[in-house]
Amino acid sequence: MDTFDTLTSEKELFSPSKEIIKNSYIEDYDKLYQYSINENEKFWDETARQLDWFKHYDKVLDYNPPFAKWFTGGKINIVHNALDRHIHTFRKNKLAIIWEGEDGKERTYTYFALYRQVNKFANVLKSFGVKKGDRVTIYLPNIPEIAICMLACAKIGAIHSVVYAGFSVDALKDRILDAKSKILITSDGAYRGGKIIELKKIADEAIKKAPVVQTVIVVKRTEHGVSMDSSRDFYYDELMKLPIASSYCKTEETDAEDPLFILYTSGTTGQPKGILHVHGGYAVGTYISSKYVFDIKDSDTYWCAADPGWITGHSYIIYGPLLNGATSLMVEGAPFYPYPDRWWKIIEKHGVNIFYTSPTAVRGAMRYGEAWPNRHNLSSLRILGSVGEPINPEVWKWYYKHIGKEHCPIMDTWWQTESGAFLITPVPTMPLKPGSCGKPFLGIDADIFDENGNSCESEKGGYLVIKKPWPSMMRTIYNDDKRYEETYFSKFGKNIYLAGDTAKRDIDGYFYVMGRIDDVIKVSGYRLGTAEIESAIITHAAVAESAAIGKPHELKGNSIKAFVVLKPGIEKSDSLMEDIRNNVGTHLGPIAKPDEIEFVDSLPKTRSGKIMRRVLKAREMGISEGDLSTIEED
Ligand code: PRX
């Protein structure tokens, strides 16, 4: 397989300081890891007991490969664990969320204040008839209301489906239709890079194409005036003032296996996959991974700079930190706007102790140079994190030196929307190798397989697989058990989870993730499917056909290049190119706009008519095109 190109393992080791070792929850990773694998169910049982259960489970694991159920017979609600239980402790008046807007506005919520808001909004949802198992689509920017709405859904057993606010009309429409949500929560607009993104307008367009939505709740953020349909639309702040929004709502005693949320992610086909997570296992996984990997303590201010609309935000802005009773910082807007030191200023201002971001953001910061972080006192930082794409060793070292000042270990966490929580990651006491995401997390049986399903020897690239189920794994693809089985459990059988990434392991057992095996492109850490991009391109009236590929990009990890065949008689022009790009922005979202478009007369295809993106990519990169015997180009 040509994607298994070799990567040189870093020989340099970065050992944790005595201070880090002294404060860490995990002293001896190797010993604990062995135990967690040898006594896998016992380990997860002991972990699950750290949470509150309304009724203790009968069984730890109920496994009917490839379908796993965890903690069956148990009653638990993630919101009881993330909020309710804290308000009876010293955490009642502790800050749960600190929020900073792009316009400099700041809001804070203690655990008790957040609890009150969640109770109130849960009652609002109930008043609209939302019941356990109903799906609620949330299309909001990075503002505290997104957390309140998600938690309010979970509290009453409704299933939230958050759609990232950078997605546009068709992406939102597809997700509403798949989930069949009768209710949509959005905002008038969102701020990003000084501009207003017209979320309400996009939502109106999407609902025209997805008329299942009967109620729209609109949070005021930009207050720039939007059109409201009086038969359907309500302002959030007005609803929260009504008597229906009373301040106590009973937390539903959900089954451990009751659905908590759907989060759509890209795969090989154009139809996004609704990844389904449940209350019990997801709570256990996000709780323990936040605790052990970020070493969260009660005195910490923790900042995950992702957007809540992606899995990183779900698990590590909202659920994981709140389950640990931590203070979680949410920051709206673009990282380096209005100044390149915005983030470093925020770290100093709030005394952030744990900071978690993506390699793309670090590369962006590097471009501006170290003078910007050097202007600020970053001495509060203790632990750094990275996620979303491989981090190049030189970027790792810059992050370590200029942000972590050579004393903060970097947790390069490898995981996925599907996994719910970290799968392969260092822990703070583990010596680090730049570019490696460390070793499997406790309880995770990770391996690298060759084409025949044999474990690869060290330094050999292969398929990254997980050989045992784990509590926070997705339960299925919403309404599509067959696709779940075919996508993840067909290559090596029903017991082996195929992650979709290639990786290798070095002689010391450190993992290095190399890239995707499918038609997924990671652009600035965002996960996009080539088929989704192509579908958006051909919505343009001038386009007959298209093919999208990912190309290595210095800043974004990958950029998108699209090859476009125009309809007969249409003239190629630069303005048409720009128009096609913008059309992708309108349909799918600005993040999916191709960086480059090349007009071509035809696309390479197999005899059965499938576009051979592999060939386009090889040509683009000037490498061997492999076996071309099945190609047909007319
Ligand atoms: O290819 C891997 C890459 O991101 C994919 C999962 O994307 P998504 O579901 O959007 O979740 C992103 C946040 C967890 C993986 O299959 N990926 C994620 N983390 C890393 C990574 N690649 C290398 N190193 C990582 N730390």
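Observations on the structure shown:
- On the beta carbon distance between ASN93 and ALA541, with R0 = 60 Å, the FRET formula returns roughly 0.55.
- Relative packing of peptides 418-424, 267-273 - highest average C-beta neighbours within 10 Å first: 418-424, 267-273
- The fewest-to-most ranking of MET150, MET240, MET430 by surrounding Cβ atoms within 10 Å reads MET240, MET430, MET150.
- Gain upon complete extension [SER624, MET228; 0.36 nm per residue less C-alpha separation]: 137.0 nm
- Packing-based ranking, highest mean first, of 465-477, 573-585 given that Cβ atoms within 10 Å are counted: 465-477, 573-585
- Global form of the stretch 324-409, assessed from the alpha-carbon gyration tensor, a/c cut-off 1.5: rounded
- Taking 0.36 nm per residue of sequence separation and removing the Cα-Cα distance, the ASP298/ASP237 pair yields an extension gain of 18.8 nm.
- The stretch 183-324: C-alpha pair distances exceeding 19 Å, %: 68
- Shape analysis of the chain places it in the rounded category; the axes a ≥ b ≥ c from the Cα gyration tensor give an a/c below 1.5.
- Taking the DSSP bridge list for the chain and keeping only pairs wholly inside it, about 60 percent are antiparallel.
- Order of HIS224, HIS402 under a 10 Å beta carbon neighbour criterion, fewest first: HIS224, HIS402
- Sorted by Cβ density within 10 Å, fewest first, the residues TRP303, TRP343: TRP343, TRP303
- Percent of C-alpha pairs per 10 Å bin, the stretch 529-624, short to long: 16, 50, 30, 3
- Bridges between two residues of the stretch 206-305, per DSSP, are antiparallel at a rate of about 65%.
- Mean Cα-pair separation over length for the stretch 365-465, i.e. relative contact order, pairs under 8 Å, 6 or more apart, %: 19
- At R0 = 51 Å, FRET efficiency that the Cβ-Cβ distance of LYS572 and LYS105 yields, to 0.05: 0.65
- Fully extending the segment from SER608 to GLU459, taken as 0.36 nm per residue of separation minus the present Cα-Cα distance, adds 50.0 nm.
- The stretch 532-575 versus the stretch 38-66: alpha-carbon centroid distance in Å: 48
- Computing FRET efficiency as 1/(1 + (r/R0)^6) for ASN392 and ASP58, where r is the C-beta to C-beta distance and R0 is 60 Å, gives about 0.80.
- Computed label-point distance, nm, for sites GLU46 and ASP518 using a 7 Å Cα→Cβ extension: 3.5
- In loop segments of the stretch 224-287 as defined by DSSP, the GluC sites (Glu not before Pro) with at most 15 further C-beta atoms inside 10 Å of their C-beta are GLU253.
- Overall form of the stretch 334-460 per C-alpha gyration tensor (a/c, 1.5; a/b vs b/c): prolate
- Extending 7 Å from the Cα toward the beta-carbon at both LYS482 and LYS180 defines two label points whose distance is 1.8 nm.
- Residue list for the stretch 352-390, given a label point 7 angstrom along the Cα-to-Cβ vector of ASP595 and an amide N cut-off under 18 Å: 358-368, 388-390
- Taking a straight Cα-Cα cut-off under 23 Å and skipping sequence neighbours fewer than 8 places away in the same chain, the lysines within cross-link reach of LYS468 are LYS31, LYS42, LYS59, LYS69, LYS273, LYS291, LYS439, LYS460, LYS482, LYS491, LYS494, LYS504.
- Over the chain, relative contact order from alpha-carbon pairs under 8 Å, at least 6 apart, %: 14
- DSSP bridge pairs, the stretch 335-488: antiparallel proportion in percent, nearest 5: 50
- Using a simple spin-label model with pseudo-atoms 7 Å out from Cα toward Cβ, TYR25 and THR268 lie 3.7 nm apart.
- Highest mean packing first, where packing is the average number of other Cβ atoms within 10 Å per residue, the peptides 608-614, 404-410 line up as 404-410, 608-614.
All of the numbers you see were taken from the coordinates with simple rules; none came from a lab. Worth saying up front: this structure is predicted, and the values here are computed from it rather than measured. Every residue, glycine among them, receives a Cβ derived from its backbone with ideal geometry; neighbour counts consider all protein chains shown.
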